[in-house]
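The values are calculated or read from the model by the stated rules, or taken from the named source; none is laboratory data. These numbers come from a predicted model, not from an experiment. Quick reminder, even Gly has a Cβ in these numbers, built from the backbone with ideal geometry, and neighbours come from all protein chains shown.
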Amino acid sequence: MRKLVYVLGAMAMAMATLPAAAEELTKVRFIHEWRFEGHVAPYLVALDKGYYKDEGLDVSIDPGTGSVDGINRIASGSYDIGQMDLNALIKYRDAADAVPIKAVLVTYNIPPFSILTIKKNGIAEPKDLEGKILGAPAADAAYSHWPIFAKLNDIDTSTVTVENVGFPVRETLLAQGQVDAVTAFISNKLAVKAAGVPDDQIVGMMMSEYGVDLFGSAVMASPSFMAEHPEAVAGFVRATIRGFRDAINDPEGAMDSVMKHNPIAKRDIELERLKLVAEECYFTDDVRENGFGHVDAGRLSRSIDQLEETFSFTNKPQASDIYTGDFLPAKNERMIQ
């Protein structure tokens, strides 16, 4: 009887501690700027491998519908952390009543903004766009930086016909020859290929290679969450970096997570997307030298200055308003092998 009482007592104590153990995990509501495609794999890997849980976090990850909407959701308190375009955050912070959201980890060391064309169109350099038809969705992030790209490369924009095209048909119109080039992310080369253009005939001009010195997307957090849960923010950053490292070292394995969270995705296409974005945007020479998430304050300040070509600031933010490195681990913990 004494043994039975002991066992029952032990079971009761164990059950009583379960809620407390569960409460030790800090809930983090995370939203990504886009749907779960290959380039989102690092976050999904970190989730599936338990890296966030290792940091004491109970993380949920939701797909998004774009950076402007995502930033507003973080500002409203619907989400604690998200990955959004840093340039969209800079513009958002210009408003006098903007919630002081800050980036805590820059994931796109180089933005994916590009001009896509086909070799037969004879566009090898920016100046070659003169006299051509450029397809550009009005809400396209890459198109929003077209004026910067055009000014830096002395393009006579009066000779360029800009057609407002829809996102779903952008690459098809290029493949069919109805436009000569399009503004897009570099990963949209895959959609051009899917529209029937051989890979070796697709030309992708990254705007960053022609003077557009912007950063891309970044992990950003609400000020209230940073203030109330600084350890959670730092833990989220550490776990996310682990996910990025795993995704680049084992992209095939990373696709298991993508397919788990997006079963209708095409594995081969998303694998190619991950590799393309990783090579062009995530793991640049700067990142390999200075560690993942490295931000040069001077470059960030210059990027804010460049945005004045397309955006009229009224309360121009400073680099320190946009980004903090306080939550980054040491450089040796951020190196990509």
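The set of residues in the stretch 103-144 that are closer than 30 Å to THR324 by Cα and acidic (Asp, Glu) contains only ASP140. ARG267 - would you say it is surrounded by fewer than 21 Cβ atoms within 10 Å (Cβ to Cβ) and modelled with pLDDT of 95 or more? Here the answer is yes, as ARG267 does meet what is asked.
Just one of the listed residues (GLU231, GLU272) is charged (D, E, K, R), out of contact with any Leu (no Cβ under 7 Å at 6 or more places or on another chain) and touching a residue at least 40 places away in the same chain (Cβ under 8 Å), and it is GLU231. Among all residue pairs at least 6 apart or on different chains, which show Cβ distances below 9 Å where the first residue, located in the stretch 148-165, is buried (at least 16 other Cβ atoms within 10 Å of the Cβ) and the second is in a loop (DSSP other than H, G, I, E, B) and β-branched (Val, Ile, Thr)? Matching pairs, first to second residue: ILE148/VAL212; ILE148/THR310; PHE149/ILE155; PHE149/VAL212; ALA150/VAL160; LEU152/VAL212; VAL165/VAL179. Considered as a group, the residues in the stretch 298-337 that are hydroxyl-bearing (Ser, Thr, Tyr), in a loop (DSSP other than H, G, I, E, B) and modelled with pLDDT of 95 or more include one that is surrounded by the most Cβ atoms within 10 Å (Cβ to Cβ), and that residue is THR324. Screening SER114, SER158 for residues that are farther than 21 Å from LEU276 by Cβ and out of contact with any Pro (no Cβ under 9 Å at 6 or more places or on another chain) leaves exactly one candidate, SER158.
When you look at ASP256, is it assigned to a helix (DSSP H, G or I), acidic (Asp, Glu) and over 18 Å from MET84 (Cα atoms), yes or no? The answer is yes for ASP256. Taking the options VAL182, VAL203, name whichever one is of a type in the set (Val, Ile, Thr), modelled with pLDDT of 95 or more, surrounded by fewer than 22 Cβ atoms within 10 Å (Cβ to Cβ) and in contact with a strand residue (DSSP E or B) (Cβ under 9 Å, 6 or more places away or on another chain). So the residue among VAL182, VAL203 that is of a type in the set (Val, Ile, Thr), modelled with pLDDT of 95 or more, surrounded by fewer than 22 Cβ atoms within 10 Å (Cβ to Cβ) and in contact with a strand residue (DSSP E or B) (Cβ under 9 Å, 6 or more places away or on another chain) is VAL203.
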